[in-house]
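Coordinate-derived values only; no laboratory data. Computed from a predicted structure; not experimentally measured. Cβ placement follows ideal geometry from the backbone for every residue including glycine, while neighbour counts extend to all protein chains displayed.
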Amino acid sequence: MPDAPKPADANPATALGMKATSMARALWPFVRPYKLVLVCAAVALVFTAGITLSLGQGVRLLVDEGLTGDSSQALSQAVFIIMLLAVLMALGTYTRHYLVSWLGERVVADLRKAVFDHIVTLHPSYFETNRSGEIMSRLTTDTTLLQQIIGTSFSMALRSALMFVGALILLLFTNLKLSLMVLVGVPLVLLPITLYGRRVRKLSKASQDSIADVGSYAGEIIQHIKTVQSYTRERHEMQAFSGEVEVAFGVAKRRVRQRSLLIAVVILMMFGAVSGLIWVGGNDMIAGRITSGDLAAFVFYAVMMGSAVATISEVYSELQRATGATERLIDLLNVEAEIPVSEIVASQAAAQDMTHGSEKESEKGEAELAFESVTFHYPSRPDKPALEELSLDVPAGKSLALVGPSGAGKSTMMDLLQRFYDPQSGRITLNGSDIRELDTAMLRSQMAVVPQQPALFSADVWYNLRYGKPDASDAEVIAAAKAAHAHEFIEQLPDGYNSHLGEQGARLSGGQRQRLAIARAILKDPKILLLDEATSALDAESEHHVQRALETLMRDRTTIIIAHRLATILHADNIAVLENGRLVAQGSHQQLVVSSPLYKRLAELQFRETHSQES
């Protein structure tokens with residue numbers, strides 16, 4: 001969202017109004033469903049403001065007819081009126097505070113959900129260029145700040161504005177001369193807001209950015225804690241993190257100093273003005289031009305106006321921070337997904353029907369894949385093609401192994417198949433249809449991936465295995481675990497299938513994590529199976545058993561395998577040899593040993609090493 005125009009900054013009231021308007025416009029879609037609550041809160045706000053202003057008249061009655069009068073009954077009536085007004089104000093304040101706080105919590109909860117729902121649909125390239133720590137800062141810190149603004153500060157600003165206007169009107173009716181003095185003094189009180197407002201806003205945004213840097217740095221270190229400790233870099237990381245924290249503290253200190261100075265100057269000028277009013281009004285009272293009750297009421301309204309200005313000056317700096325937070329969140333919501341996942345819920349439901357329906361409706365051999373003259377450049381490397389004019393067919397129910405040195409384009413083919421990216425030229429087809437014309441969620445629901453580094457969640461084993469098939473029964477989950485040779489070690493965990501795995505499955509060995517990933521793929525029972533070195537982290541015995549499980553899983557299923565160890569793909573229906581993003585040869589193992597120098601060299605190196613290790 002653009003900043004407020006410069007001319008508005010010259011007038012603090014206008015600047016405050018424009019920032020509030022800008023923020024309200026951005027947040028209105030989240031507030032709209034709760035218009036009734038908003039109206040009730042506004043009514044309670046006006047009611048409490050009116051009651052608070054009425055207290056001034058109660059003070060006037062108390063002074064003129066109670067304290068300086070001769071009637072005990074009049075004093076009792078004045079005290080009763082003040083107490084009645086106080087009770088009404090307390091009830092109104094309770095209602096206003098509850099409704100506004102509820103609204104703030106509800107709106108921020110909806111905003112958090114909207115931001116997260118949008119994040120999970122964003123293109124993977126977005127996370128390559130934006131740090132996860134900064135995204136999390138927007139999702140947590142910025143939304144928490146907005147909750148405080150919507151639930152507290154914003155209503156305080158509105159209440160103070162009402163009090164200011166109401167007190168000013170009552171001042172004019174009470175004493176015109178003193179009111180003119182107030183009108184002259186108010187701009188002097190507002191002057192510091194003009195001088196420091198823009199500076200506070202810049203420092204507030206810088207402070208939020210520095211906090212995001214701290215969170216991002218800490219998250220990265222925690223994620224790689226084993227690497228940090230294995231290289232004994234704890235002391236270095238402590239010092240580096242301390243530097244990040246001190247930078248954030250330095251920015252926050254400058255912001256707090258400016259804000260504190262702003263509040264202090266406003267309070268000093270406010271009470272200076274009130275003291276002047278008391279001196280002038282006191283002389284008028286002594287001269288008999290006004291009553292003591294009028295003076296007391298006038299001072300009450302003047303203090304109320306001063307308090308309102310002080311509150312607005314404080315909320316002004318909070319709104320500066322909230323404007324920055326709103327901008328960061330709306331910017332995140334406005335990021336367009338390059339490959340949108342349309343109608344996710346409907347697609348998943350349809351996919352489940354397709355996957356779990358009758359055999360006639362969902363035969364495993366119905367997934368035929370083809371790459372047709374595909375050329376692709378990663379956004380971060382536009383000058384170097386990851387794939388170039390690649391054409392390759394994968395018949396339905398057959399297996400294709402991808403072989404080649406690192407950087408040949410094997411993983412890129414997996415990413416393109418799942419539509420994490422789209423090729424710049426050429427096309428990829430599923431059963432003859434361009435996958436760009438298919439619903440993305442529907443396409444991915446027909447695939448199961450077993451990556452080289454399995455992605456596991458900190459939840460329990462049940463949750464991780466059911467991730468691709470949430471409605472699977474316990475018996476189905478256990479059967480899949482047994483097929484992947486994972487059941488035995490799962491049973492030995494402290495709570496069996498109820499055991500939580502820790503962040504990224506940290507409580508398991510590499511082989512155990514990989515077997516869980518294989519079990520998850522087995523349970524999903526997909527049409528297309530994508531294996532990225534699925535047995536690389538297993539010991540020899542486990543690899544033998546899992547290889548047999550994979551052979552069963554691959555039967556009559558379209559399978560693409562990335563393999564660095566050629567021994568695991570000798571029985572693949574077809575082997576494609578890639579180099580520098582190009583297809584240089586394809587065929588069976590025996591054919592490629594004869595026809596492809598690159599494959600022959602790889603085979604000789606690997607089988608020679610294997611033979612040496614065995615001997």
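Data table
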{"item": "Other-chain or far-sequence residues with amide H under 5 Å of residue 377's (modelled H)", "result": "386, 424"}
{"item": "Likely footprinting exposure, 254, 25, fewest C-beta neighbours within 10 Å first", "result": "25, 254"}
{"item": "Burial ordering of 142, 383, 495, fewest other beta-carbon atoms within 10 Å first", "result": "383, 495, 142"}
{"item": "Relative contact order for region 388-492, counting Cα pairs under 8 Å that sit 6 or more residues apart, in percent", "result": "11"}
{"item": "Förster-model FRET efficiency, 25 Å R0, residue 77 and residue 292, C-beta, rounded to 0.05", "result": "0.90"}
{"item": "Ranked 571, 377, 485, 118, criterion: other C-beta atoms within 10 Å, fewest first", "result": "571, 118, 377, 485"}
{"item": "Estimated FRET transfer efficiency (residue 555, residue 235; beta-carbon r; R0 45 Å; 0.05)", "result": "0.25"}
{"item": "Summed side-chain charge close to residue 399 - residues other than residue 399 whose Cβ falls under 10 Å, Lys, Arg +1, Asp, Glu -1", "result": "+1"}
